[in-house]
Amino acid sequence: MAYSTLTIDHGVAWLTLNRPEVHNAFDDSLIAELNDHLSRLHSLADTGDVRVVVLGSEGKSFSAGADLNWMKRMVDYDLDDNLADSRKLAALMHGLDTLPCPTLCRVQGAAFGGAVGLAACCDVVVASEKARFCLSEVKIGLSPAVISPYVQRALGERQMRRFALTAEVMDAPTALELGLAHQVVEHDALDSAVDAMLATLLAGSPQAQRATKALMATVAQTTDADATREHTCQVIARLRVSPEGQEGLASFLEKRRPTWAEPNNTPNASERRS
């Protein structure tokens, strides 16, 4: 039984957690599925066949974190079993975080534990006013270890310390204020907001977005060094002389749409849920 779905239409990939009966909780099967999907998406994004990935889920909750039955099985895991399990989750977070194309996360409800990591790994998070976020691990004697690099990057070290140690629930406005979410809307307007952000992302040059995302990852490692400065010069120079760069400049000067921004028939989020 598949716990997730991946559909691709007009360059948009919709990656959807589909375990609403257990609030889209994680287990080893779901993690394996998502890793397989992400491996495919990396290849398709590299070639430009996928321009944007939309991560979402079915039902009331985005994801409740670890699945109860999976946690029961973990009780009997030895250290090596737990290391293997954790490395698969780490591969999932890294795979999502390093997708070459833009990623958009739709959060309609509770996002607990590892689900906070999924949101933090995405480039843009649009959340319903009903969304709730919680690093709940310390309440059951664990730690948000694997997701911590991504969540701390989103929240900052000071706020990460608080919410990782207290396991307090962040409501949607708090998540917005702290930078975990980029936009919070009324629940009934969530799909419309996702559609609008998707349209905004699709208006950008696919090549430039891939180059920019890679550039930001490089700059984040070393912000001010000779090698970094030279790298930034190389990136913009290559983009300017590329076919897409030339088309972008020409379309701007000619006051027309660039070729990559022509209207298409991409189904919107509400249609996908009807």
Of residues in segment 1-56 being among the polar types (S, T, N, Q), in contact (Cβ under 8 Å) with a residue 12 or more places away in the chain and farther than 15 Å from Thr103 by Cα, the one surrounded by the most Cβ atoms within 10 Å (Cβ to Cβ): Asn24
Where Ala181 falls short, out of the listed (1) among the small types (Gly, Ala, Ser); (2) over 30 Å from Ser143 (Cα atoms); (3) open to solvent by less than 60 Å² (accessible area, probe 1.4 Å); (4) in contact (Cβ under 8 Å) with a residue 40 or more places away in the chain: (2)
Any hit, segment 80-101, residues being of a type in the set (Val, Ile, Thr), out of contact with any Ser or Thr (no Cβ under 7 Å at 6 or more places or on another chain) and at pLDDT 95 or above: yes
Top-ranked residue of segment 150-166 - restricted to ones that are polar (S, T, N, Q) and surrounded by 17 or more Cβ atoms within 10 Å (Cβ to Cβ), ranked as farthest from the chain's Cα centre (by Cα): Gln159
Odd one out for Val194 among (1) free of Cβ contacts under 8 Å to residues at least 40 places away in the same chain; (2) touching a Lys or Arg at 6+ places or on another chain (Cβ under 8 Å); (3) crowded, with 18+ Cβ neighbours inside 10 Å; (4) not polar (S, T, N, Q): (1)
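Output the residues belonging to segment 47-78 that are aliphatic (A, V, I, L, M) and part of a loop (DSSP other than H, G, I, E, B).
Listed by number, the residues that qualify are Val50, Ala64, Val75.
The values are calculated or read from the model by the stated rules, or taken from the named source; none is laboratory data. Computed from a prediction, not measured in an experiment: that's the story for all the values here. When we count neighbours, we look across all protein chains shown, and the Cβ atoms used for this are built from the backbone with ideal geometry, even at glycine. Accessible surface areas use protein heavy atoms only, side chains included; no ligands, DNA or RNA. Shrake-Rupley method; radii C 1.70, N 1.55, O 1.52, S 1.80 Å.
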